[in-house]
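Asker: Got a structure for you, questions after.
Derivation of every value follows stated rules applied to the coordinates shown; laboratory data play no part. Since the model is a prediction, treat every value here as computed from it, not as a measurement. Cβ sites come from the backbone with ideal geometry, for glycine too, and all protein chains shown count toward neighbours.
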Amino acid sequence: GQQLNQSPQSMFIQEGEDVSMNCTSSSIFNTWLWYKQDPGEGPVLLIALYKAGELTSNGRLTAQFGITRKDSFLNISASIPSDVGIYFCAGLRIYSGAGSYQLTFGKGTKLSVIP
Amino acid sequence: NAGVMQNPRHLVRRRGQEARLRCSPMKGHSHVYWYRQLPEEGLKFMVYLQKENIIDESGMPKERFSAEFPKEGPSILRIQQVVRGDSAAYFCASSPWRVQREGRGEQFFGPGTRLTVL
């Protein structure tokens, strides 16, 4: 099956620093999504990317859909304590005919922010 | 504007019992997905349903697991004769039909049900 390699697994950064994380795959995806999950909660959608090469921002977050459609990165600028959590990338591959829309998730990047 | 709702939030069952997990999608959403998450792992797709139809159940174990999304009422994920290995967080997500038509793929998640099998 498809797998997403997400790195790094965890990060410890000082408040105010910038953060970068990425996902790579051996398969092409139609859509890349980035989610954040807090302990005991469900994933919350941060950014959605639909086209190869697309660069999208949401406040301090910036994400890009790789030109090969096999990778994506997420940057967080000027981190703050509430950025703490687990960040997941997810890829959508649409199977023509089957009409399936299952997401494939990375294993997550656990972010810790030191005040 | 309520989001995806799941209940119960926590469920404890003994081996051999049945677990029923409920999911109410966001208002206006007609597509429901179930995912399972083990500790320190990402979410794994289980099943995709539309009203009264199972579209893709390729991620769901063939035995003991079933899912439905009736015309009226919430989607139900049912696990019969639970075993310790079923202990996990189960998440439901939903999306509106237009997202599917446009091939965009955003899915919005509920808070999850944490199942513990004793």
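Asker: Amide H to amide H, which residues 5 or more places from B:Gln17 or on other chains are under 5 Å from it, using H placed in the peptide plane?
Answerer: Distant-sequence amide H within range of B:Gln17: B:Val82.
Asker: Another question, then. Under a straight-distance cross-link criterion of Cα-Cα below 19 Å, which lysines are reachable from A:Lys51, leaving out those fewer than 8 residues away in the same chain?
Answerer: A:Lys70
Asker: As an exercise, identify the GluC sites (Glu not before Pro) in segment B:33-118 lying in DSSP coil whose Cβ has no more than 12 other Cβ atoms within 10 Å.
Answerer: B:Glu40, B:Glu52, B:Glu63, B:Glu72, B:Glu102
Asker: Could I ask something else about it? Suppose each label sits 7 Å from its Cα in the direction of the beta carbon; what would the B:Ser58-A:Gln14 distance come out to in nanometres?
Answerer: For the pair B:Ser58/A:Gln14, the computed spacing is 4.8 nm.
Asker: Let me ask you something else. Using a Cα distance threshold of under 23 Å, what count of lysine pairs results for chain B when pairs must be 8 or more residues apart or interchain?
Answerer: 5
Asker: Still on this structure, I have one more. What are the ³J(HN,Hα) values, in whole Hz, obtained from phi via the Karplus relation 6.51 cos²θ - 1.76 cosθ + 1.60 with θ = phi - 60°, for each residue of segment B:79-89 in sequence order, with x given for Gly and Pro?
Answerer: Once θ is set to phi - 60°, the couplings for segment B:79-89 become 10, 8, 6, 4, 10, 4, x, 7, 4, 5, 9 Hz.
Asker: For peptide B:104-114, what's the mean number of Cβ atoms from other chains within 10 Å of each residue's Cβ?
Answerer: 6
Asker: Can I ask one more? Within chain B, which is the longest segment that contains none of the trypsin sites (Lys or Arg not before Pro) sitting in a DSSP loop with at most 16 other Cβ atoms within 10 Å?
Answerer: Result for the longest clean stretch: B:72-118.
Asker: Does chain B come out rounded, prolate or oblate by the C-alpha gyration tensor, with a ≥ b ≥ c the root eigenvalues, rounded set by a/c under 1.5 and, if not, prolate when a/b is larger than b/c and oblate if not?
Answerer: Because a/c hits 1.5 or more and a/b exceeds b/c, chain B counts as prolate.
Asker: Can you show me the helix-derived [θ] at 222 nm for chain B, built from DSSP H runs with n ≥ 4 at -39,500 (n - 2.57) apiece and divided by the number of residues, rounded to the nearest 500.
Answerer: Calculated from helices alone, the mean residue ellipticity at 222 nm is -1000 deg cm²/dmol.
Asker: Fully extended, how many nm does the chain gain between A:Leu55 and A:Lys110 (0.36 nm per residue separation, minus their Cα-Cα distance)?
Answerer: 17.5 nm
Asker: Using a/c under 1.5 as the rounded threshold, could you call chain A rounded, prolate or oblate? The axes a ≥ b ≥ c are square roots of the C-alpha gyration tensor eigenvalues, and prolate needs a/b larger than b/c, oblate otherwise.
Answerer: Since a/c reaches 1.5 and a/b is larger than b/c, the shape of chain A is classed as prolate.
Asker: Counting only C-alpha contacts under 8 Å and six or more residues apart, can you give the relative contact order of segment A:1-60 as a whole percent?
Answerer: RCO, segment A:1-60: 25 percent.
Asker: Give me a single rounded figure for A:39-50: the average over its residues of other chain Cβ atoms within 10 Å of their Cβ.
Answerer: Partner Cβ neighbours, averaged per residue: 5.
Asker: Also, quick follow-up: Would you mind computing, in nm to one decimal, how far apart the modelled labels at B:Glu72 and B:Glu18 are, each placed 7 Å from Cα along Cα→Cβ?
Answerer: For B:Glu72 paired with B:Glu18, the spin-label model returns 2.1 nm.
Asker: If you don't mind, there's one more thing I want to ask. Assuming a ≥ b ≥ c are the square roots of the Cα gyration tensor eigenvalues, decide whether segment A:37-98 counts as rounded (a/c under 1.5), prolate (otherwise, with a/b larger than b/c) or oblate.
Answerer: Because a/c hits 1.5 or more and a/b fails to exceed b/c, segment A:37-98 counts as oblate.
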